[in-house]
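Asker: Take a look at the following structure, please.
The values are calculated or read from the model by the stated rules, or taken from the named source; none is laboratory data. What you are looking at is a predicted structure, and each value in this text was computed from that prediction instead of being measured. Heads up, the Cβs are rebuilt from the backbone with ideal geometry, glycines too, and the neighbour counts pull from every protein chain shown.
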Amino acid sequence: MNEKLPVLRKKSMSLPLTPGVYLMKNKKNEIIYVGKAKALKNRVSTYFGSQNNHTAKVRKMVENVEDFDYILCDSEFEALVLECSLIKQHSPKYNILLKDDKGYHYIKVTDNGWKNILAVKQRLDDGAEYIGPYTSSYGITNAVDSAKKIFRLPQCTKVFPRDYKKSRPCLNYYIGQCAAPCAGKTDKESHNEAVRQALDFIINGSGSVVDELTKKMEEASENLEFEKAAKLRDKINAIRKVTEKQKVVAASVEEQDVFATVCSGAGESPKACLSVLRFRDGSLYDSEHFIIDMPENMPEARHELIRSYYSMRDFVPKRVSVDGEVDGADVLSEWLSSLAGRKVTVAVPQRGEQHSLVEMCRSNAAQKLALYLGKTGKSTAALDELGSLLGLKAPPEYIESYDISHTAGSENVAGMVVFKDGHPYKKAYKRFTIKGFSGQDDYGSMAEVLERRFLRYFEEKDSGEGFGRLPDLILLDGGKGQVNAVLPVLEKYGLDIPLFGMVKDSHHRTRAIARSGDELSLTSKRAAFTLVSTIQEEVHRYSVEYHHSRRKKASVSSTLTSIEGIGESRGKALLRHFRTMKAIGEASEQELASVKGMNKNAAKAVFEAFHGKNNADED
């Protein structure tokens, strides 16, 4: 706890209610955080009040604040401009800072008789020819890869002429993406001509290359060189296919950047990934991503991320599309417009092509974050989307789900399944037999199960495993009735765990998420919808399976207890010993009598029940 909080709070209460920039400083007088405010007094005083309302990052920052300074501005826009300048100048520890690791990239052309082209990050003094520099690694890498496929150049690590005619052709040869010099299917002159055309395609675009190839194809056709003409035709078709595919990505988008941030709440230091997709002339030309500490206020974080990104970039597009609410979007748009020298729009698309581009960007961010964390991109995206939909502070990495199963109130049971990192965690699955009452009461059953589960938590919480771990989210198979039945249990034990119900439609398919008072539609959230549907199907399967096994045992038990001299205890002992009714029926009287709790008369009664009295007499 910072002992200077009362002094700092008193100082903050004397600030004016005008726009400005504030600078938090530590004991060494270093600036550790720079922020802007529309009303300095209101904003700065919040840091030095109750620490319970702050995020962990803010609490840690406040603990290190020894003093603060401020600069008054005439408008919020001026404050933003000054904030950007000060952040760039001081790189404060607690501001979201994107590391600009974007260097230059080159096309490297090697020539040891057989030419080759590569996308590289450094220019070396190795005698090779370098074309560039280019700022877009994504664009150059994709261009080189596409050119190699179109002009059938080797994409492997073989070196020519060393490996010429040394092996069989690989799959790329058979799918028309390599001329296979390794198998002697092409010669040096043809290979080097293909390299020249590939470079022309990368540097000058597809138009000039298609014109040249079309002319050569027509000449070959006139000279009755139909095989050569067919190969040229295939190259032309390949070029057109690649360029059309690129344009289809965003046919109506002229110039824009798309931002999306995906979070992961796992571990002591949860992370997030900002992905940026850059579009020009209707096609994607660059992609960037940044791994950062997970923000706890996404609207504020989006504002800081966009500001930080364009502080490092020279070009600002006409449109910036974002995956969610941006704090101070109007002021941010005004600042971006001042950088670009023309109007820049900051938008949050809700439908159509623009929304699809944002979803593509989110998927890209999820894949990058999953790769960084060693998870799968699909589950990371689904958890992030679900957490955002439900308004959770972080994506729910550990989810518990419950369902009740019975037949008209008989053999009333419940199943609990656990999903960890978006996947079934069967080690933590649990089963419950309803004990508090008999008959049918789904609400009462759900409340009993959750109360028993939390009582076990208080007994085992030191273990941190199984019942000893609290979930990030609880999903009940049912609507607001089940949710309202369980909420008092959470309140009784002082547990702050997000609780929702999973609502089915008339066809028993997941339709929505239920809260205590209303429902949230899942139809527009495809990844979250798929995850919740999977959880609901799994918990239903698990609880019904347990119910069926209980009914079967009850049926078997009633068969044994109908035999004279066999009560419930002896029936259970026989089932425990022999496991199945078939094994009991095949056992001899001596084997039956050897079971604990049995005697000769009881064994004889069981044997006769399965074999008939006459057969027993004959034996």
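Asker: Kindly provide the set of residues from the stretch 1-12 that are part of a helix (DSSP H, G or I) and within 29 Å of P270 (Cα to Cα), ordered by number. Can you show your working first?
Answerer: Initial filter on the stretch 1-12 (part of a helix (DSSP H, G or I)): 5-12.
Correct list: L5 only.
Asker: Return the residues of the stretch 309-349 that are of a type outside the set (A, V, I, L, M), surrounded by 15 or more Cβ atoms within 10 Å (Cβ to Cβ) and outside any helix (DSSP H, G or I); say none if nothing qualifies.
Answerer: Taking the stretch 309-349 first, the residues of a type outside the set (A, V, I, L, M) are 309-311, 313-315, 317-319, 321, 323-325, 327-328, 330, 333-335, 337-338, 341-343, 345, 349.
From what is left, the residues that are surrounded by 15 or more Cβ atoms within 10 Å (Cβ to Cβ) are 309-311, 313, 317-319, 321, 323-324, 328, 333-335, 337, 349.
R313, P317, K318, R319, S321, D323, G324, G328, P349, listed by residue number.
Asker: Are there any pairs, at least 6 apart or on different chains, whose C-beta atoms fall under 9 Å, with the first in the stretch 371-392 and without any contact (Cβ under 8 Å) to a residue 12 or more places away in the chain and surrounded by fewer than 23 Cβ atoms within 10 Å (Cβ to Cβ) and the second part of a helix (DSSP H, G or I) and not aromatic (F, W, Y), and if so, which?
Answerer: Close Cβ pairs (under 9 Å, with a partner that is part of a helix (DSSP H, G or I) and not aromatic (F, W, Y)) amount to L371/G377.
Asker: Working only within the stretch 452-479, note down all residues that are in a strand (DSSP E or B) and within 14 Å of F432 (Cβ to Cβ). Please lay out each step first, then the result.
Answerer: Step one: of the stretch 452-479, the residues in a strand (DSSP E or B) are 473-477.
L476, D477, listed by residue number.
Asker: Additional query: Within the stretch 295-306, does at least one residue satisfy the condition of being part of a strand (DSSP E or B), modelled with pLDDT of 90 or more and not assigned by TED's automatic domain parsing to the domain that holds I140?
Answerer: At the first step, the residues of the stretch 295-306 found to be part of a strand (DSSP E or B) are none.
No - not one qualifying residue is present in the stretch 295-306.
Each row is one residue, and each column tells you yes or no for (1) surrounded by 15 or more Cβ atoms within 10 Å (Cβ to Cβ); (2) of a type outside the set (D, E, K, R).
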residue	(1), (2)
L476	yes, yes
A485	yes, yes
G494	no, yes
L499	yes, yes
K504	yes, no
S516	no, yes
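Asker: Criterion first (surrounded by fewer than 17 Cβ atoms within 10 Å (Cβ to Cβ) and either under 20 Å from M298 (Cβ atoms) or polar (S, T, N, Q) (or both)) does S45 satisfy it? Write out each step before concluding.
Answerer: Numbers: surrounded by fewer than 17 Cβ atoms within 10 Å (Cβ to Cβ): no; either under 20 Å from M298 (Cβ atoms) or polar (S, T, N, Q) (or both): yes.
No: the conditions fail for S45.
Asker: Being exposed (fewer than 15 other Cβ atoms within 10 Å of the Cβ) and of a type in the set (D, E, K, R) is the filter here; which residues of the stretch 184-206 pass it?
Answerer: K185, D187, K188, E189, E193, R196
Asker: If you go through the stretch 132-146 one residue at a time, how many are under 24 Å from K235 (Cα atoms), modelled with pLDDT under 85 and over 28 Å from the mean Cα position of the chain (by Cα)?
Answerer: Filtering the stretch 132-146 down to residues under 24 Å from K235 (Cα atoms) leaves 138-146.
From what's left, modelled with pLDDT under 85: 138-143, 146.
Narrowing further to those that are over 28 Å from the mean Cα position of the chain (by Cα): 143, 146.
So the answer is 2.
Asker: Among (1) modelled with pLDDT of 90 or more; (2) closer than 22 Å to K88 by Cα, which single condition is D314 missing?
Answerer: (1)
Asker: Does K393 satisfy being more than 30 Å from A366 (Cα to Cα), modelled with pLDDT under 90 and charged (D, E, K, R)? Walk me through it before giving the result.
Answerer: Working: more than 30 Å from A366 (Cα to Cα): no; modelled with pLDDT under 90: yes; charged (D, E, K, R): yes.
Against the criterion (more than 30 Å from A366 (Cα to Cα), modelled with pLDDT under 90 and charged (D, E, K, R)), K393 does not qualify.
Asker: When the stretch 126-155 is examined, which residues are found to be touching a residue at least 24 places away in the same chain (Cβ under 8 Å) and part of a loop (DSSP other than H, G, I, E, B)?
Answerer: Listed by number, the residues that qualify are T135, S136, F151, R152, L153, P154.
Asker: Here's another thing I want to ask about it. Confirm whether N223 is surrounded by fewer than 18 Cβ atoms within 10 Å (Cβ to Cβ) and either assigned by TED's automatic domain parsing to the domain that holds A340 or at pLDDT below 80 (or both). Spell out the reasoning first.
Answerer: Values: surrounded by fewer than 18 Cβ atoms within 10 Å (Cβ to Cβ): yes; either assigned by TED's automatic domain parsing to the domain that holds A340 or at pLDDT below 80 (or both): no.
No: the conditions fail for N223.
Asker: Residue under question is K393, and the condition is that it be part of a loop (DSSP other than H, G, I, E, B), charged (D, E, K, R) and farther than 30 Å from M298 by Cβ; does it hold?
Answerer: no
Asker: If I filter the stretch 183-193 for residues that are among the acidic types (D, E), in a loop (DSSP other than H, G, I, E, B) and at pLDDT 85 or above, do I get at least one hit?
Answerer: Initial filter on the stretch 183-193 (among the acidic types (D, E)): 187, 189, 193.
Still in the list and also in a loop (DSSP other than H, G, I, E, B): 187.
Adding the requirement that they be at pLDDT 85 or above leaves 187.
There is at least one residue in the stretch 183-193 that is among the acidic types (D, E), in a loop (DSSP other than H, G, I, E, B) and at pLDDT 85 or above.
Asker: Of all the helices (runs of 4 or more DSSP H) wholly in the stretch 500-613, which have at least 2 residues that are touching a strand residue (DSSP E or B) at 6+ places or on another chain (Cβ under 9 Å), assigned by TED's automatic domain parsing to the domain that holds G478 and of a type in the set (S, T, N, Q)?
Answerer: Numbers: elements: 526-561, 568-578, 581-586, 589-593, 600-611.
Answer list for the stretch 500-613: 526-561.
Asker: From the set of residues in the stretch 106-131 that are among the polar types (S, T, N, Q) and within 39 Å of the chain's Cα centre (by Cα), which is nearest to V276 (Cα to Cα)? Step through it out loud before you land on a result.
Answerer: First, pick out the residues of the stretch 106-131 that are among the polar types (S, T, N, Q): 110, 112, 116, 122.
When the remaining residues are screened for being within 39 Å of the chain's Cα centre (by Cα), the result is 116, 122.
Working: N116: 31, Q122: 23 Å.
Here the residue is Q122.
Asker: Identify the residue in the stretch 1-51 that is among the β-branched types (V, I, T) and within 37 Å of the chain's Cα centre (by Cα) and, among all such residues, is farthest from L97 (Cα to Cα). Steps first, please.
Answerer: We begin by selecting, within the stretch 1-51, every residue among the β-branched types (V, I, T); these are 7, 18, 21, 31-32, 34, 44, 46.
Within this subset, residues satisfying the condition of being within 37 Å of the chain's Cα centre (by Cα) are 21, 31-32, 34, 44, 46.
Values: V21: 18, I31: 14, I32: 12, V34: 12, V44: 21, T46: 23 Å.
So, considering only residues that are among the β-branched types (V, I, T) and within 37 Å of the chain's Cα centre (by Cα), the one farthest from L97 (Cα to Cα) is T46.
Asker: Could I ask something else about it? Before we move on, is K343 charged (D, E, K, R), in contact (Cβ under 8 Å) with a residue 12 or more places away in the chain and either touching a strand residue (DSSP E or B) at 6+ places or on another chain (Cβ under 7 Å) or in the same structural domain as E76 (by TED's automatic domain parsing) (or both)?
Answerer: Values: charged (D, E, K, R): yes; in contact (Cβ under 8 Å) with a residue 12 or more places away in the chain: yes; either touching a strand residue (DSSP E or B) at 6+ places or on another chain (Cβ under 7 Å) or in the same structural domain as E76 (by TED's automatic domain parsing) (or both): no.
Judged against the criteria, K343 is not a match.
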